[in-house]
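Written below as structure tokens is the structure these notes are about.
What follows is calculated from the coordinates using simple rules that are stated; it is not laboratory data. What you see is a predicted model, and the numbers here were worked out from it, not measured in a lab. Quick reminder, even Gly has a Cβ in these numbers, built from the backbone with ideal geometry, and neighbours come from all protein chains shown.
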Amino acid sequence: MPDSCANVTCAPGRVCLQGHCESTGPSTTGSTDQYPLVGDAGSWLPDAAPPASDITPPDTLSPDMDTGRWYQANEASCPTYCAGKGLSNVASADGGKCVSGEARPQSAIAQGIVFTWGCSSTCTAQSGTTTQSYGKYCYRPGQKHDDDSTDRTVGCFCR
């Protein structure tokens with residue numbers, strides 16, 4: 001009987017058994033992990049597509065994908081501050097692009113942003129806070145732009 005593995009090249013950590021590349025250890029994905037490969041060394045062409053359950057949609061966020069973070073940035077214009085780090089000033093998951101003593105997204109507080117000039121009342125989080133930089137100040141929509149000390153930017157969200 002001819003060797004059914006003669007023209008099969010397997011990836012590292014896999015072995016050829018009866019013409020199929022198989023994992024050398026137990027499968028952690030629940031799939032059989034057995035797809036016959038054809039071609040010569042360096043040619044990794046499966047002759048059968050993996051099951052649909054093994055395909056990750058391109059718009060799915062992976063756990064290690066960079067979604068950004070808050071930076072302590074006293075009196076900064078956030079678009080300029082983030083650009084200086086080679087990043088972009090984007091909205092955090094809770095809508096904040098900046099933080100001040102009068103515009104306080106929860107995510108900024110959770111990451112330890114310090115309110116250098118205090119807060120207009122308590123320094124607790126405000127729900128549904130979308131914020132925007134205006135020079136060295138940070139405001140919520142509809143907030144009075146009076147440029148007082150608690151309006152000074154203390155943090156920027158960059159990605």
Net charge near G135 (other residues with Cβ under 12 Å of its Cβ; Lys, Arg +1; Asp, Glu -1) is -1
Under a point spin-label approximation (7 Å from Cα along Cα-to-Cβ), what is the C5-A83 distance to one decimal in nm?
-> 5.9
When the Kirkwood hydrodynamic radius is evaluated over all pairs of different C-alpha atoms of segment 77-151, what value in angstrom, to one decimal, is obtained?
-> 12.4
